[in-house]
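Student: Sharing a structure here in structure tokens format.
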Amino acid sequence: MMIAQFLLGVGATLFLALPYLRRVHGLDRLQPKRRYLFVANHISLLDTIMLGALAWRSGCYPILVLGDRSVWHVSWFHKFLSSRIGFLVERGRLNPGRIRELQAFGRVGSEFHLLVFPEGTRGDGVNVAACQPGIFYIAREARLPIVPVFIENMQLISTKSGPVHPIGGLRKVEVHYGEPIEPERYLEMPREEFVEFVRQSITRVRPAQSASRSNPSPPPA
């Protein structure tokens, strides 16, 4: 797994991070010898590859990403990639064992860094939508420091429904890592409070210019 993810990290850096990543903020906050639960906003399937490149750069791997099987099994490339980094669940189906699956994902945090996109779907790259309750069960089982991450400008390259823009997004993406949140700060929170806490933590990492696009100033009277 370490060898496979090392090679994937090199490839992700060469083919995605180098041409499209402009700057990374807060990566020096991470300590590779610790395990983390990364929670990030979600715009594109490229988010996983970009964050994988930064995990390789920081030494924070092996990493395991919670993903939707229906999304990551659409092609041989997606299947290959997910087989090396993914913990896949059927998000679109009613599953009585879903909580147990999420708890099992949380428990492997003793061996892996964990990455979750808690909004549960891809957004617009500016706003952070309400998070799904699954992150509560993962975090309580993992008991790891939570690192909020905001990916800025990925929508200039790729979105959920639009075409890929290989030129327009060159050197435009910035990734912002927040301060790790120790488990003592969140383990006693009830589910609804914790889920909103995660959303706000990601939102606080969002840069000021993205926030202004989300909440434009009213025109002068």
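Student: List every residue pair whose Cβ atoms lie under 8 Å apart, where the two residues are 6 or more positions apart in sequence or sit on different chains, the first residue falls within segment 64-85 and is closer than 22 Å to residue 142 by Cα, and the second residue, located anywhere, is surrounded by fewer than 14 Cβ atoms within 10 Å (Cβ to Cβ) and not small (Gly, Ala, Ser).
Tutor: So the pair list comes out as 68/90; 69/90; 84/1.
Student: Here's a check for you: in segment 182-193, which residue that is part of a helix (DSSP H, G or I) and under 23 Å from residue 29 (Cα atoms) is nearest to the chain's Cα centre (by Cα)?
Tutor: Of everything passing the filter in segment 182-193, 183 is nearest to the chain's Cα centre (by Cα).
Student: Check whether at least one residue in segment 204-216 is surrounded by 17 or more Cβ atoms within 10 Å (Cβ to Cβ), modelled with pLDDT under 95 and among the hydroxyl-bearing types (Ser, Thr, Tyr), and report yes or no.
Tutor: Yes - at least one qualifying residue is present in segment 204-216.
Student: Can you tell me which residue is surrounded by the most Cβ atoms within 10 Å (Cβ to Cβ) among those in segment 117-141 that are outside any loop (DSSP other than H, G, I, E, B) and out of contact with any Lys or Arg (no Cβ under 7 Å at 6 or more places or on another chain)?
Tutor: Taking the candidates together, the pick is 139.
Student: Something else: For residue 176, are the conditions met, namely being modelled with pLDDT of 95 or more, closer than 17 Å to residue 40 by Cα, crowded, with 17+ Cβ neighbours inside 10 Å and touching a Lys or Arg at 6+ places or on another chain (Cβ under 6 Å)?
Tutor: For residue 176, the condition - modelled with pLDDT of 95 or more, closer than 17 Å to residue 40 by Cα, crowded, with 17+ Cβ neighbours inside 10 Å and touching a Lys or Arg at 6+ places or on another chain (Cβ under 6 Å) - is not met.
Student: Shifting gears a bit: Which condition number does residue 11 fail, the rest of (1) out of contact with any strand residue (DSSP E or B) (no Cβ under 9 Å at 6 or more places or on another chain); (2) in contact (Cβ under 8 Å) with a residue 60 or more places away in the chain being met?
Tutor: Checking residue 11 against (1) out of contact with any strand residue (DSSP E or B) (no Cβ under 9 Å at 6 or more places or on another chain); (2) in contact (Cβ under 8 Å) with a residue 60 or more places away in the chain, the one that fails is (2).
Student: Can you tell me which residues in segment 1-60 are of a type in the set (Lys, Arg) and either buried (at least 19 other Cβ atoms within 10 Å of the Cβ) or in a helix (DSSP H, G or I) (or both)?
Tutor: 29, 35, 57
Student: Could you please let me know if residue 114 is modelled with pLDDT of 95 or more, under 14 Å from residue 37 (Cβ atoms) and outside any strand (DSSP E or B)?
Tutor: no
Student: Would you mind telling me which numbered condition in (1) over 21 Å from residue 161 (Cα atoms); (2) assigned to a helix (DSSP H, G or I); (3) not hydrophobic (A, V, I, L, M, F, W, C) residue 96 fails?
Tutor: Single failed check for residue 96: (2).
Student: Right, another one. With the requirement that a residue be surrounded by 17 or more Cβ atoms within 10 Å (Cβ to Cβ), assigned to a loop (DSSP other than H, G, I, E, B) and not small (Gly, Ala, Ser), what does segment 142-171 give you?
Tutor: 143, 144, 145, 153, 157, 159
Student: Let me ask something additional. Which condition does residue 151 not pass, out of (1) farther than 22 Å from residue 32 by Cβ; (2) touching an Asp or Glu at 6+ places or on another chain (Cβ under 8 Å), if it passes all the others?
Tutor: Here residue 151 clears every test but (1).
The values are calculated or read from the model by the stated rules, or taken from the named source; none is laboratory data. Computed from a prediction, not measured in an experiment: that's the story for all the values here. Positions of Cβ are backbone-derived with ideal geometry, glycine not excepted, and every protein chain shown enters the neighbour counts.
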